[in-house]
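Undergrad: My structure is below; once you've seen it, I'll send some questions.
Read the figures in this text as sums done on the coordinates, not as results from a lab. Note that the structure is a prediction, hence the values are computed from the model and not measured. FYI the Cβ positions are ideal-geometry reconstructions off the backbone, even for glycines, and counts take in every protein chain you see.
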């Protein structure tokens with residue numbers, strides 16, 4: 001079906017490529033933030049303009065969908081993909097924002113590994129989105145496997161947090177950040193499901 005796409009519809013693919021590239025940059029800054037023994041809020045500041053750019057691309061695609069009849073694949077799949085990518089962008093910024101808002105001044109145990117897993121997932125999504133005309137089944141399986149690993153890390157992090165953290169306020173802060181990182185991983189898996197659906201429908 002993709003060979004029937006009109007040239008003007010390449011705009012959708014270009015927008016998806018641009019958006020995932022911004023999200024990959026955000027994920028790198030997110031990983032750097034949680035890798036650091038003392039979190040650097042500059043990583044959060046670097047992520048903000050990237051998230052704004054993702055919002056702009058999302059809006060542009062939505063407006064185009066409302067004006068055009070022919071689309072490169074099912075309209076609902078385009079909406080679903082752009083919504084999930086926008087969610088990932090928002091949530092990445094949200095995790096970094098909480099580090100800043102909560103004045104987190106020490107590394108959160110296991111947050112570094114979760115952020116690394118999210119980056120790996122987003123890189124796999126990026127491979128698929130760079131060329132949606134090629135069925136990247138292995139990459140979608142990798143995203144799912146990574147999500148399962150993120151779940152295991154999250155469970156370990158929660159157990160240690162409730163066993164070791166004696167300050168209730170700090171526990172709430174750390175738990176909220178870890179919760180959000182785990183939800184980002186889940187959203188990456190949800191995005192992979194949408195991409196897989198696109199592959200199957202357009203095989």
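Undergrad: Could you rank the peptides 112-123, 90-101, 152-163, 11-22 by their average count of other C-beta atoms within 10 Å per residue, with the highest value first? Don't skip to the end; give the middle numbers.
TA: Working: 112-123: 23.3, 90-101: 20.1, 152-163: 14.4, 11-22: 18.3.
Descending packing order for the listed peptides: 112-123, 90-101, 11-22, 152-163.
Undergrad: Related question: Remind me, relative contact order of the stretch 2-201 in percent, using alpha carbon pairs under 8 angstrom and six or more residues apart? Walk me through the intermediate numbers first.
TA: Numbers: 233 pairs, mean separation 57.7, N = 200.
29 percent.
Undergrad: In deg cm²/dmol and to the nearest 500, what is the mean residue ellipticity at 222 nm of the chain if only DSSP H runs of at least 4 residues count, each as -39500 (n - 2.57), divided by the residue total?
TA: Taken over the chain, the calculation gives -28500 deg cm²/dmol.
Undergrad: Suppose a student asked you for the relative contact order of the stretch 24-113, using Cα pairs under 8 Å spaced at least 6 residues apart; what percent would you report?
TA: After rounding, I find 49 percent.
Undergrad: Beta carbons within 10 angstrom, averaged per residue: use that to sort the peptides 126-135, 26-35, 191-200, highest first. List each step's numbers first, then the result.
TA: Details: 126-135: 16.9, 26-35: 22.7, 191-200: 19.5.
The packing order, highest mean first, is 26-35, 191-200, 126-135.
Undergrad: Need one word for the stretch 1-121: rounded, prolate or oblate. Basis is the Cα gyration tensor (sqrt eigenvalues a ≥ b ≥ c); a/c below 1.5 gives rounded, then a/b vs b/c decides. Mind dumping the intermediate values first?
TA: Details: a/c = 3.27, a/b = 2.59, b/c = 1.27.
Prolate is the answer for the stretch 1-121, as a/c is 1.5 or above and a/b outweighs b/c.
Undergrad: I want to verify the translational diffusion coefficient of the stretch 72-155 in µm²/s; compute it with Stokes-Einstein, Rh as the Kirkwood radius over Cα pairs, at 37 °C and 0.692 mPa s.
TA: 225
Undergrad: Can you check how the C-alpha radius of gyration of the chain compares to 2.2 N^0.38 Å, as a plain ratio?
TA: 1.08
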